[in-house]
Amino acid sequence: MLIKMEILSRPYNKEVDFDSIMKFLGDLYNRTKSYENWFPDRFENSSDSREDGICIWEKIDRSIDPPKKEIVGLTTRDSPRDFFLNVDPNYRQIEKEMIEWIDQIFPGLNDEKGRKGNLRINILEGNTSRETLLKNMGFQLEGLYGYYRIRSGDLPVPVHSCPEGFEIRTIEKSDYDQQALLIQRVFGHGEWFDAEVLDWLANCTFHVPELDLVAVTPENTIASFCTFRVDPHSKIISLEPMGTNPDYRKLGLGKAILTEGIKRAMKYEPPFFYIDGAATTPAANRLYDVTGFSEKYAINSWSKEV
């Protein structure tokens, strides 16, 4: 007898699946208002380099000719050992199969230095059903993976002016080499981050030139930078990256450049802004709080030796 409805998994094919996944992730938030799944810009930012960690689960309705297919689940990864589950809450029964798939493919993935660590699946704190499932499948709570910082889209624009002697403007292609070196300096890593990467990001669907900002000195030295990314479908906006040159800190540049970016971004009517993996230093916490990124949600790592 023909099965009219089933859920099957298959590999990711960028040429076929990219737009559908972006819509799936945006629609998940619009329908559930939950932060437990990835947002579209995060998928676009990592899908090319982490394609081997992507698998799709589809609901297939064979009562229609041709059969109707709908994405209901998706695995993604942030590093060689950090995986995430993105699931339509009406189909949570597939989560066990998704974890088993990750468990199966993980031994073949090495990190950039050829070393393996424990497999980690990262989930929003408070998802008790998924926590129980992971425990039952041999995972243990390892600790904090990072935080989301959320700013509601209906908050008023903060009021922080640019310090005298500095100018906030959109970044130009001629700034890319200087910008890349500053990003490496601010974050203390990312030697791979260069002008070519910045040029690739500028061609992503989430890139909006007027929201890619730098604060510069009269000599055109970049003192601070921030980029707001807009998903064209859901209008969710992320802040990535953001930082201030150590030579120009404690002048109010961070508050000023975020204020300018938020002001420009409001015309896109975002449901919310978010920061993924928000820094937790006292200075960062103060900056997020005074610019309205005051909601805070923990992402926890559950690990297993494989």
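Nothing in this text is a laboratory measurement; each read-out follows from the coordinates by a stated rule. Everything numeric in this text was worked out from a predicted model, so none of it was measured. Virtual Cβ from ideal backbone geometry, glycine too; neighbours counted across all protein chains shown.
For G190, no residue has an amide H sitting under 5 Å from its own, ignoring neighbours fewer than 5 places away on the same chain, with H placed 1.01 Å from N.
When the GluC sites (Glu not before Pro) in the stretch 143-186 are filtered for DSSP coil states and for at most 14 other beta-carbon atoms within 10 Å of their beta-carbon, the remaining sites are E164, E172.
The trypsin sites (Lys or Arg not before Pro) of the stretch 1-41 that meet both conditions, a loop assignment by DSSP and at most 14 other Cβ atoms within 10 Å of the site Cβ, are K4, K33. Backbone phi angles across the stretch 295-306, fed through the Karplus curve with coefficients 6.51, -1.76 and 1.60 (θ = phi - 60°), yield HN-Hα couplings of 6, 9, 10, 8, 10, 9, 9, 10, 10, 8, 7, 10 Hz in residue order; Gly and Pro are listed as x.
The equivalent ellipsoid of the stretch 154-270 has semi-axes of 21, 19, 11 Å, largest first, where each one is the square root of 5 times an eigenvalue of the Cα gyration tensor.
Find the centroid of the Cα atoms in the stretch 34-63 and in the stretch 125-179, then give the distance between the two in whole Å. Taking the Cα centre of the stretch 125-179 as reference, the centre of the stretch 34-63 is 19 Å away. In a DSSP loop and with at most 11 other Cβ atoms within 10 Å, the trypsin sites (Lys or Arg not before Pro) in the stretch 246-306 are K250. Kirkwood radius, the chain, all distinct C-alpha pairs, inverse of mean reciprocal distance: 20.8 Å.
Relative contact order of the chain, taken over Cα pairs closer than 8 Å and 6 or more residues apart, is 22 percent.
Near G146, the amide H atoms lying under 5 Å from its own belong to I299; only residues 5 or more places off or on other chains count, and H is placed 1.01 Å from N.
Expressed as a whole percent, the proportion of Cα-Cα pairs in the stretch 1-135 lying more than 23 Å apart is 34%.
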